[in-house]
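Computed from the coordinates by the stated procedures, all read-outs in this text should not be read as laboratory data. All of these numbers come straight from a predicted model, not from anything done at the bench. Here the Cβ positions follow ideal geometry from the backbone for every residue, glycine too, while neighbour counts run over all protein chains shown.
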Amino acid sequence: MKEKILVVDDEEDYLNLLRLILLPEGFEVETAVDGEEALEKLEKFNPSLLILDVNLPKINGYELCKKIREEKRFAKLPIIMLTVRSKEEEEAFGLEIGCDDYITKPFEPTALVARVNAVLRRTKRKKGGA
């Protein structure tokens, strides 16, 4: 079964780039351009992982991450923040509020795929009890 990834970014170029990187790796990819659309797509798409930008219209990435962690159904959904915000304090804040990894733009495609796979492996082990 293909792992499903929901990518949330308000920049169409990044959405297209992430699709180009993730689809050949065997992932099913859905996208959203703002926090509200992301919440709607979470319900319909039921992703295995969320890649989330911080600078989003309507609901920013930090707020969206908090909302997701508060919802019982999605509380354990792995979240990778992918953002231009590179300050150490911002990365620490993202990790404190519940994201599983924090990647700054620009990024190397191979490193992104490796981190996506690592987060998915970790969360599967947690679910399986190993």
Pairs of Lys in region 28-130 closer than 18 Å at Cα, counting only those 8 or more apart or on different chains: 19
Gain on full stretching of the segment that runs from Glu88 to Glu43 - 0.36 nm per residue minus C-alpha separation: 13.0 nm
Under-5 Å amide H pairs with Ile59, H placed in peptide plane, nonlocal only: Gly35, Glu36
Using alpha carbons only: equivalent-ellipsoid semi-axes of region 1-78, gyration tensor based, whole Å: 19, 16, 9
Nonlocal amide H pairs with Leu82, under 5 Å, H built at 1.01 Å: Leu52, Asp53, Val54, Ile103
J(HN,Hα) series, region 97-103, from Karplus relation 6.51 cos²θ - 1.76 cosθ + 1.60, nearest Hz, glycine and proline x: 7, x, 6, 8, 7, 9, 10
Region 89-95 - phi-based ³J(HN,Hα) in whole Hz, Karplus 6.51/-1.76/1.60, Gly and Pro as x: 5, 5, 4, 4, 4, x, 5
3J(HN,Hα) from dihedral phi, region 66-80, Karplus parametrisation 6.51/-1.76/1.60, rounded to Hz, x for glycine, proline: 4, 4, 5, 5, 7, 7, 3, 5, 10, 4, 9, 4, x, 10, 10
Kirkwood-Stokes translational diffusion coefficient of the chain, alpha-carbon pairs, 10 °C, 1.306 mPa s, µm²/s: 109
Those GluC sites (Glu not before Pro) in region 59-130 that DSSP places in a loop and that have at most 15 other beta carbons within 10 Å: Glu71
Candidates per trypsin sites (Lys or Arg not before Pro) in region 38-118, loop by DSSP, up to 15 other Cβ within 10 Å: Lys58, Lys76, Lys87
